[in-house]
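Only the coordinates and a few stated rules stand behind these numbers; no lab work does. Every value quoted in this text rests on a predicted model; they were computed, and no experiment measured them. FYI the Cβ positions are ideal-geometry reconstructions off the backbone, even for glycines, and counts take in every protein chain you see.
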Amino acid sequence: MTGQNADNVVTAAFLVIGDEILSGRTKDKNIGFLADYLTSLGIDLKEVRIVPDEKPEIVGAVNSLRQKYDYVFTSGGIGPTHDDITAESIADAFDVPLNLDPRAVAILEKHYLPGQFTPARQRMARIPEGADLIENKVSKAPGFRIGNVHVMAGVPSIMQAMMDALAPTLSTGTKMLSETVAADMPESRIAERLAAIQDAHPETLIGSYPRASDGKFTTQIVIRSRNEAVLQAAVGDVAAAVAELTG
């Protein structure tokens, strides 16, 4: 399932796993990264969930999301400590055994000095049966893919390296194109016109983002479409409306 899928929109969900995110001890940096990354590939991130380190919550979320979307990406909970339970939760979700994987063992044995591949570190070589490994160029402990679910580390640098490793395997849709029109006026003044332009160009998504600086209100209008001609037609209408209302 690789290459470009020109006719279809490819969808994804992101499941962030970890008590430390929900308690605020760790500030999530992966959601924004993944949203940008998938958009650039032509994959629509449709949903993000954050769940605690509790097996029923992880299993329920994985099984719900993998049926709704083309891809599910997860981050967190695949480290060496006792509370890293993502791997066993994913194995439960797919109803397969979780064993020490010879491929993962070989990678980690090579990485650690003799005698340092401790039982705690061996936990990172437990992979659900039937899963493919996702390469980790940063700290070697692999992520894994089973079905349409891609399981990655929570540490941002490692998660990003894993995304780079698996990106070529993903099927992508037509990329979303975008252009921005600046409006020297408050959002309220152009809102009605933008709604009419959106209705006239149903294949576009038009967003308006107000800004205030020194008491002066301006608006950035972002027009998105997967079709260049449609995009340019809508951009022309927005620019004309801005010019008329400014005039």
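Of 82, 201, 150, the sequence from fewest to most neighbouring Cβ atoms within 10 angstrom is 82, 201, 150.
Taking Cα atoms only, the orientation of helix 228-246 departs from the longest principal axis of the chain by about 50 degrees.
Against the main long axis of the alpha-carbon atoms of the chain, helix 102-111 sits at an angle near 90°. What the phi angles of segment 116-126 give under the Karplus curve with 6.51, -1.76 and 1.60, with θ = phi - 60°, is a coupling list of 9, 7, 6, x, 5, 5, 5, 4, 6, 9, 7 Hz, glycine and proline written as x. For the chain, the relative contact order comes to 19 percent (Cα pairs under 8 Å, sequence separation of at least 6). Structural size metrics of segment 3-173, computed from C-alpha coordinates, are Rg and Dmax of 15.4, 53 Å. Against the main long axis of the alpha-carbon atoms of the chain, helix 30-41 sits at an angle near 70°. Charged side chains reduced to their Cβ positions (Lys and Arg at +1, Asp and Glu at -1) give the chain a dipole of some 560 debye around its Cα centre.
Listed by chain and number, the lysines placed with their C-alpha closer than 26 angstrom to that of residue 29 are 46, 55, 68, 137, 140, 175; residues fewer than eight positions away on the same chain are left out. Put a plus charge on the Cβ of each Lys and Arg, a minus charge on the Cβ of each Asp and Glu, and nothing anywhere else: the dipole of segment 170-247 about its Cα centre is then about 220 debye.
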